[in-house]
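What follows is a single structure, written as structure tokens, with notes after it.
The values are calculated or read from the model by the stated rules, or taken from the named source; none is laboratory data. Quick caveat, the model's predicted, so the values are computed rather than measured. Backbone-built Cβ (ideal geometry, glycine too); neighbour counts: all protein chains shown.
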Amino acid sequence: MSVPLRIKGLVKNYGSLEAVKNVSFDIQPGEIFGLLGPNGAGKTSIISCIVTLEEPTQGEIEVYGYNVAKEPRKAKYKMGTVPQELIHHGFFNTQEILEIHSGYYGIVNNKERINYLLHKLGLWEHREKKVRQLSGGMKRRLLVAKALVHQPKLLLLDEPTAGVDIELRESLWEFVRELQKEGVSILLTTHYLEEAEELCDRVGILNHGQIIKIGETKKLIKDLTHRKVTFQLKTQDKGLEHEYKITIEGDRHIFSVPYSKTIEELFNELSLTLGDVKDLSIQEGSLEDAFRYLLGGQGE
Amino acid sequence: MTKQNFLPFLMLYYKELRRFNKVFIQTVLTPLITSSLYLLIFGISLGKNINLLNNIPYLAFIIPGLVMMGVLNNAYQNSSTSIISGKFSGDLQDLRVTPLSNHQIIWALALGGLTRGLLVGTITFFVGQIFYFVNYGSMIQVQNYLILFVFMIIGGLSFAMFGLSVAFWAKTFDQLSAVGSFILTPLIYLGGVFFSLENLHPFWQGLSKFNPLLYFINGVRYGILGQTDVTLWLALGVSFASLTVIYIIAWHSLKKSNFTRW
């Protein structure tokens, strides 16, 4: 069965620069997949190859079973793209841009969908404004509306919240979740790792053009990070020496505990009972920790 | 071509029409003023002292040339400006990420350029008729509308596709204007807009025959006046061949081009 996106052995070179090195992954139906990595890791190059803005040096890309090199038009009807950079469109207003973009997908009377998107993305009051009259956030929302005029089943979001304020970011992510519920599969690149952690079912960590880790977001965090457990004891006579102990700050003993170890096991190994503890806090590992760990291992 | 495939092409053509209509003064009225000045200065003031071998008034001689110059210039500028402004604003990539094929992009932009060119060419012709009527008390009778429109269409399409090729190739505004200044303008002015081959030294006559614009312009002159410096069939053959070559160049240019912003 064809999946929304399948990338096999993708290589993209720009002259002598190897931007993407043998990347393979796929996206399952209704999944939000995060492609994460530092600047220059190759995220935008991969998206550019998917949407045929760039020609892969090697490898194959399929969108719902259509090879984008051999059947680009069929593949393009299935996907929508929000590019990283803002686009200005000098001559037309917001509504006209969406009408024209619908026409590129062979849809002539698309008023209902366009009005829905204008309302949904807070652009209705600005529908007769030229793009240069819109704020950066509005321009970004217009790009999202453009990508969705033809109701694609695969949405590619390349840094959609770059330079966007918190309120708008939250409303955008809310909309992304709604799209996911409607069955849209989403490939997302972002620098906001907290958001990626909250949104993405799976992530791929990209560095120097290679995927260095791929997996379910929660599992990846569990596998690659530790919980930070902090004890404050009622009495100071207990030493609390343990291989997981990382430091003492005043009367607070701080441990870095792998997910394989339960808090109960840690208590037992430290010969502690709840009665010995004045205060206890547990800080879960984050995607950012996993990201740092992986990139640290890559010599970042 | 199915309906779903045809509509994206129609929409891009429609967008091109809307685009030049939004800047009507710049795209249509400005060339009109330029043509009127040419008619006034060359056709009337200087034209009185110019005798052509076939005894037609010089004003009548330059009207077809100016019509074709309007068609070619505007077709070229329309498609090249569309691409360059798209490269500048970033919306050129819409043409690549949507289901438009390279052939559809070429034809839609070429038809957009042709439409603007025909509009300017037609207006120039009517302005020329007014000048002619004021000076000679009669109108020029068009000799063959079919030939006239065939050459205007081939010329307009060719130049719109040439503009598109250059704009896709150009990496800077300088490169684009260099092609206009060093290739296009000399070819147009030396293509027989203002003079007949008969009035040239045999060396320049021979050299001019390598200029494809000579055939476009003489085709239009044949359509309007029934007179031409080259045979009609040769003009038709060279014009069709030029269109075919330019189409191949345009297709190659699109295939190799980058649609991302400058």
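Yes/no per residue for (1) surrounded by fewer than 15 Cβ atoms within 10 Å (Cβ to Cβ); (2) of a type outside the set (Asp, Glu); (3) at pLDDT below 90; (4) over 18 Å from the mean Cα position of the chain (by Cα):
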residue: B:Lys171; (1), (2), (3), (4): yes, yes, yes, yes
residue: B:Gly192; (1), (2), (3), (4): no, yes, yes, no
residue: B:Gly206; (1), (2), (3), (4): yes, yes, yes, yes
residue: B:Tyr215; (1), (2), (3), (4): no, yes, no, no
residue: B:Asn218; (1), (2), (3), (4): no, yes, no, no
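Could you tell me whether A:Tyr116 is more than 28 Å from A:Leu36 (Cβ to Cβ), buried (at least 22 other Cβ atoms within 10 Å of the Cβ) and hydroxyl-bearing (Ser, Thr, Tyr)? Give the derivation first.
Numbers: more than 28 Å from A:Leu36 (Cβ to Cβ): yes; buried (at least 22 other Cβ atoms within 10 Å of the Cβ): no; hydroxyl-bearing (Ser, Thr, Tyr): yes.
Spelling it out, it is not the case that A:Tyr116 is more than 28 Å from A:Leu36 (Cβ to Cβ), buried (at least 22 other Cβ atoms within 10 Å of the Cβ) and hydroxyl-bearing (Ser, Thr, Tyr).
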Taking A:Ser256 as the residue in question, decide whether it is at pLDDT below 90, of a type outside the set (Lys, Arg) and within 29 Å of A:Cys200 (Cβ to Cβ). yes
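Can you list the helices (runs of 4 or more DSSP H) lying wholly within region B:162-215 that have 2 or more residues being within 15 Å of B:Met69 (Cα to Cα)?
Those helices (runs of 4 or more DSSP H) span B:185-189.
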Single unsatisfied condition, B:Ser82 versus (1) more than 14 Å from chain A (Cβ to nearest Cβ); (2) under 19 Å from B:Leu109 (Cα atoms); (3) among the small types (Gly, Ala, Ser): (1)
Would region B:247-258 turn up any residue that is part of a loop (DSSP other than H, G, I, E, B) and within 14 Å of chain A (Cβ to nearest Cβ)? yes
Only unsatisfied item for A:Val51, checking (1) at pLDDT 95 or above; (2) more than 9 Å from chain B (Cβ to nearest Cβ), is (2)
Residue in region A:68-91 that is farthest from the other protein chains (Cβ to nearest Cβ), counting only those that are in contact with a helix residue (DSSP H, G or I) (Cβ under 6 Å, 6 or more places away or on another chain) and under 18 Å from A:Ile107 (Cα atoms): A:Gly80
From the options A:Ala162, A:Ala147, residue that is part of a helix (DSSP H, G or I), touching a residue at least 60 places away in the same chain (Cβ under 8 Å) and among the aliphatic types (A, V, I, L, M): A:Ala147
Please tell me if A:Ile212 is in contact with a strand residue (DSSP E or B) (Cβ under 7 Å, 6 or more places away or on another chain), outside the structural domain of A:Ser24 (by TED's automatic domain parsing) and of a type outside the set (D, E, K, R). no
When restricted to A:Glu96, A:Glu85, the only residue surrounded by fewer than 16 Cβ atoms within 10 Å (Cβ to Cβ) and free of Cβ contacts under 8 Å to residues at least 40 places away in the same chain is A:Glu85
Is region A:99-108 home to any residue that is more than 18 Å from B:Phe259 (Cα to Cα) and more than 10 Å from chain B (Cβ to nearest Cβ)? no
Quick one: A:Ile221 ticks every box in (1) assigned to a helix (DSSP H, G or I); (2) among the β-branched types (Val, Ile, Thr); (3) touching a strand residue (DSSP E or B) at 6+ places or on another chain (Cβ under 6 Å) bar one, so which box is it? (3)
For region B:86-106 the number of residues that are within 19 Å of B:Ala250 (Cβ to Cβ), at the interface with chain A (Cβ under 7 Å from one of its Cβ atoms) and surrounded by fewer than 21 Cβ atoms within 10 Å (Cβ to Cβ) is 1
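If you go through region A:157-200 one residue at a time, how many are under 10 Å from the mean Cα position of the chain (by Cα) and not hydroxyl-bearing (Ser, Thr, Tyr)?
Residues that pass the stated criteria total 16.
Restricting to region B:1-39, and then to whatever is hydrophobic (A, V, I, L, M, F, W, C) and crowded, with 18+ Cβ neighbours inside 10 Å, can you tell me which residue is farthest from the other protein chains (Cβ to nearest Cβ)?
In this case the residue turns out to be B:Leu39.
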Check on B:Pro64, part of a helix (DSSP H, G or I), at pLDDT 90 or above, crowded, with 22+ Cβ neighbours inside 10 Å and at the interface with chain A (Cβ under 10 Å from one of its Cβ atoms): no
